[in-house]
1. Quote the FRET efficiency, to the nearest 0.05, computed for ALA80 versus GLN238 with a Förster distance R0 of 35 Å and r equal to the Cβ-Cβ distance.
2. What whole-number volume per residue, in cubic angstrom, does the convex hull of the C-alpha atoms of segment 134-241 give?
3. No solvent, one uniform scatterer per C-alpha: report log10 I(q)/I(0) for the chain via the Debye equation at q = 0.07, 0.08, 0.15 1/Å, two decimals.
4. Note the full-extension length gain between GLN120 and ARG19 as 0.36 nm times their separation in residues minus their Cα-Cα distance, in nm to one decimal.
5. If you project the alpha carbons of segment 1-77 onto the principal axes, what extent comes out on each, in Å, largest first?
6. Sort 9-19, 187-197 for me by packing, meaning the mean count of neighbouring Cβ atoms within 10 Å per residue, highest on top.
7. With θ taken as phi - 60° and the coefficients 6.51, -1.76 and 1.60, list the Karplus ³J(HN,Hα) couplings across segment 31-38 in order, rounded to whole Hz; mark glycine and proline as x.
8. Could you tell me how many cubic angstrom of Cα convex hull volume segment 11-141 has per residue?
Amino acid sequence: MSLELGVNIDHIATIRQARGTVYPDLLEAMKLVEDAGAHAITIHLREDRRHIQDADVYAIKKHCQRRLNLELAATDEMVAIACDVKPSDACVVPEKREELTTEGGLDVIGQFDRIKKATQTLKKEDIRVSLFIEPNIEHIKRVPDIGAPVIELHTGTYANATGNAQKREFDRIVEATEYADAQGIQVNAGHGLDYNNTQIIAAIPQIKELNIGHSMVARAVFVGIKQATAEMLSILEQARK
Ligand code: PXP
């Protein structure tokens, strides 16, 4: 099974927003990422608009040559924007204003009704919905009732751990992937993945897509975003040989 790469370009916008400039140009970055062979462009329109802006979402949708994966919180405002933009994919994520980045998976048990409502509304617009969740079987069990065909497993805990704790977290990701795949749910993964820790996640055969951003924009400072994308694609390819 082939493994696809969604490149999250939020932090290109972070650099622009830091100074309120017009550069770096997100569309130029997207084109380079596409030219390098990435399968999807991923962006997160956050409630506080700290990086991606509303106008970016529309411009990216207009020019994107790959699948566009819009990450969004399950709020009425964000769901309305997604239904207007109609990206091919939408990934529902939890969001807290004060967090540095998305800090964990959705609470699909406590927030079941809200997440189900958002999922069903997005599905009516033919948007393929994925739920960003922890590698936790009890959470995956709720996914069919919510109606999302795809999950993205949160790899942030794995990425931040070391030694035995990282091995335990990796085992949880494998177990969750196998369980979800056996239920007919497509499994993606992402968060905190970099040029050192991605290979063994990419080697989990049932995973269909990885979404990676921060480490690739950081690498692009030295080698450019096209080369950074090519290097990550090569890690994915090696893992599936
Ligand atoms: N997947 C999801 C659902 C995310 O929210 C993010 C961060 O926006 C990523 C993947 C990418 O994470 P990172 O920037 O750490 O690679």
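Taken together, the values in this text are just the output of simple stated rules run on the coordinates, not laboratory data. For clarity, every value in this text was computed on a predicted model and none was experimentally measured. Here Cβ is always computed from backbone atoms with ideal geometry, including for glycine, and neighbour counts include all displayed protein chains.
1. So, using R0 = 35 Å, E works out to roughly 0.25.
2. 98 Å³
3. -0.20, -0.27, -1.02
4. Length gained, GLN120 through ARG19: 32.5 nm.
5. 39, 30, 19
6. With the highest mean Cβ count within 10 Å placed first, the list reads 187-197, 9-19.
7. Each residue of segment 31-38 in turn: 4, 5, 5, 5, 4, 6, x, 4 Hz.
8. 116 Å³
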